[in-house]
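Here's the structure we're looking at; comments come further down.
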Amino acid sequence: MAPGTRFKDGASRQSCNYCLYIPPGLTTADIAPLLVMLHGCRQNGQIFAQGTRMNALADLHRFIVLYPEQSVRANPLRCWRWFNLDTLDGAGEAALIAALVNRTVNRYPIDPSRVYIAGISAGGAMAGVLAYCYGAMFAACAIASGVMYRGAETLIEAASAMRRGSRATPELLARDAAQNSSGCVAFVPTFVIHGDDDSVVHPRNADQIVEQLRAFAHLVGKPPIPLVESPELRLSGPGHTYRQQDYLHNKRILARKIIVEGLGHAWSGGDERHPFNDAAGPDASRLIWDFVSMFRRDQAC
């Protein structure tokens, strides 16, 4: 980052490193949303920020961005271990990230009803873990090139799910997730984006994420929240053409899936000077912010 930007490196008391971006001019008199951004393998907070250009969007819309970082001690490639059983149960790395989010909300001028989480690849899968284990903390979630919650529970299963999709049934996993007794379980509106030419994480995973989400919404909603599928739109513009499908309850969009034609394992509309970014649109950062910023969370963990 250029000198003078309010991009802070730090480490939490529980050893989760992070970077924090605060738009210039934001004061304690302002109450801003928070977007938590989880990087993929071979990335860190600054690389992820530069590739996605999310900080420029934060300047425009006045939100704070938190970039938790995986330690090279935990994984030499900085991959979040989204498939570890303790993490899937809300402990492990999921608990470290949740604790960091809580401390950030308490320390800075952040609106706790507008806390959002997003990630790509391993970070996208981890964003899903946080949404299922700490749903009452987040108003909305975005998953880019990810895998559904509990789509794998070992390293071998994770590699298989990435190649061809999970062998698990999304509806059964949703039923198990709904029975979690942590007290933080809640339906989280979710945005899913995936390239149809992704050779690292198969695009079938995007369908499974949505299938699981629809089943989960029906199980945990009081009353149940049936998500009705809208007609698919095929949208063209600068860059790649993409297919968009919305899922609605009482005419309100609560989930959105975008499949980008010709996109590989990359952040759509990103800065190609950094790995895992495709400069051609659509602009995933803008699409994600446009979606998540529609929501507020009433309940809190």
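Odds and ends about this structure:
- The accessible-area ordering, largest first, of the residues His194, His240 stands as His240, His194, per a 1.4 angstrom probe.
- Mean ellipticity per residue at 222 nm, deg cm²/dmol - from DSSP H runs of n ≥ 4 across the chain, formula -39500 (n - 2.57): -9000 deg cm²/dmol
- Taking trypsin sites (Lys or Arg not before Pro) in DSSP loop conformation with at most 11 other Cβ atoms inside 10 Å as exposed sites, the chain has its longest uninterrupted site-free stretch at 74-166.
- Element breakdown for segment 173-271 at a 1.4 angstrom probe: carbon and sulfur atoms account for 50% of the accessible area.
- Chain lengthening between Ser113 and Arg175 when straightened (0.36 nm per residue, less Cα-Cα): 19.7 nm
- Simple label model, 7 Å out from Cα along Cβ direction - Val228 to Ala91, nm: 4.4 nm
- The candidate values are [x] 167; [y] 124; [z] 114; the one derived from this structure for volume of the Cα convex hull per residue in Å³ carries the label [y].
- Label positions at Glu272 and Leu60, each projected 7 Å from the Cα along the C-beta direction, are separated by 2.1 nm.
- Dipole magnitude of the chain about its Cα centre (Cβ charges: Lys, Arg +1; Asp, Glu -1), debye to nearest 20: 500 debye
- Size descriptor, Kirkwood hydrodynamic radius, that averages inverse alpha-carbon separations across segment 149-220, Å: 12.9 Å
- The residues of the chain expose on average 42 square angstrom of accessible surface per residue, using a 1.4 Å probe on protein heavy atoms.
- Once you reduce segment 140-167 and segment 189-224 to the center of their Cα atoms, the two points are 11 Å from each other.
- In terms of overall dimensions, segment 148-301 has a Cα radius of gyration and Dmax of 16.2, 48 angstrom.
- Stretching Arg103 away from Asp298 to a fully extended chain increases their span by 68.3 nm, per 0.36 nm per residue minus the current alpha-carbon distance.
- Centre-to-centre separation between the Cα atoms of segment 38-53 and those of segment 87-114: 19 Å.
- Inter-label distance, Val200 to Ala280: 1.8 nm, where each label sits 7 Å from its Cα along the C-beta direction.
The values are calculated or read from the model by the stated rules, or taken from the named source; none is laboratory data. A quick note: this is a predicted structure, and the numbers were derived from the prediction, not measured. Note that each Cβ is placed from the backbone with ideal geometry, even for glycine, and that neighbours are counted across all protein chains shown. Note: areas computed on protein heavy atoms with side chains; ligands, DNA, RNA excluded. Shrake-Rupley method; radii C 1.70, N 1.55, O 1.52, S 1.80 Å.
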